1. Counting other beta carbons within 10 Å of each residue's own, what order do 73, 29 fall into, fewest first?
2. For the range 1-118, report the translational diffusion coefficient in µm²/s to the nearest whole number, using Stokes-Einstein at 37 °C, 0.692 mPa s, and a Kirkwood Rh over Cα pairs.
3. Please determine, in degrees from 0 to 90 and to the nearest 10, the orientation of helix 74-85 with respect to the longest principal axis defined by the Cα atoms of the chain, where the helix direction is its Cα long axis.
4. Just how many % of Cα pairs in the range 147-230 lie over 16 Å apart, if you round to the nearest whole percent?
5. Against the longest principal axis of the chain, how steep is helix 34-45, in degrees 0 to 90 to the nearest 10, with axes from Cα atoms?
6. Rounded to the nearest 500, what is the chain's calculated 222 nm mean residue ellipticity when only DSSP H runs of at least 4 contribute -39500 (n - 2.57) each, over all residues?
7. What is the order of 48, 130, fewest Cβ neighbours within 10 Å to most?
8. Give the Rg (one decimal place) followed by the Dmax (whole number) of the range 6-224, computed from C-alpha coordinates and expressed in Å.
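No lab work stands behind these numbers, since they all come straight from the coordinates. Everything quoted here is computed from the prediction, not taken from an experiment. Glycine gets a Cβ as well: all are built from the backbone with ideal geometry, and neighbour counts include every protein chain shown.
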């Protein structure tokens, strides 16, 4: 059992701080995913002897950390899915790059298509393929220590590998992300991209909710920027 950090919990939703390196949902690797750890947490906390319902609303790439929200009821799952489809969910990410962005803040618009056979996305300024989808985000450099730059990124769309490929396209690959241009992999194989917060209107209570997660400070590079979130 991992040390599960629960960020938010009620009868409808549960949000946790996903460690980098963990799958959100199971795949062909058959590695135990985050969803199974959350199900076990619910079963233990509420003494549920049978199967636990847990709906996956969204995902983070395996090497990425941060806020992940699951639905505890089918009603919440359907309503949260609708919020995502309507782009009524606001996400904020933190990324560490070793290249300084120029300009220090801006908006990026690309067309992204994904080669699923290689699990790699490609970004271009113009639409070159029918399946390429318009992808937008804003970014701002919020801290700088030596050759490490902390960017706050707010995606408007939710394309596969969007932040990774768009930052790489402007010459700022995320630290450790050798798939998208970083020169050196991190020792643990993860990358310095973190879902910092998610904001939305609660699907049942209709109240605004913001869920925030700190990076795990055992990582020495994230620890350099610890003053940003204390």
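1. Listed from fewest to most nearby Cβ atoms, that is 29, 73.
2. The calculation lands on 199 µm²/s.
3. 20 degrees
4. Distances greater than 16 Å cover 61 percent of the Cα pairs.
5. Result, in degrees: 30.
6. Value at 222 nm, helices only: -4500 deg cm²/dmol.
7. In order of increasing Cβ crowding within 10 Å: 130, 48.
8. Cα-based Rg and Dmax for the range 6-224 come out at 17.7, 55 Å.
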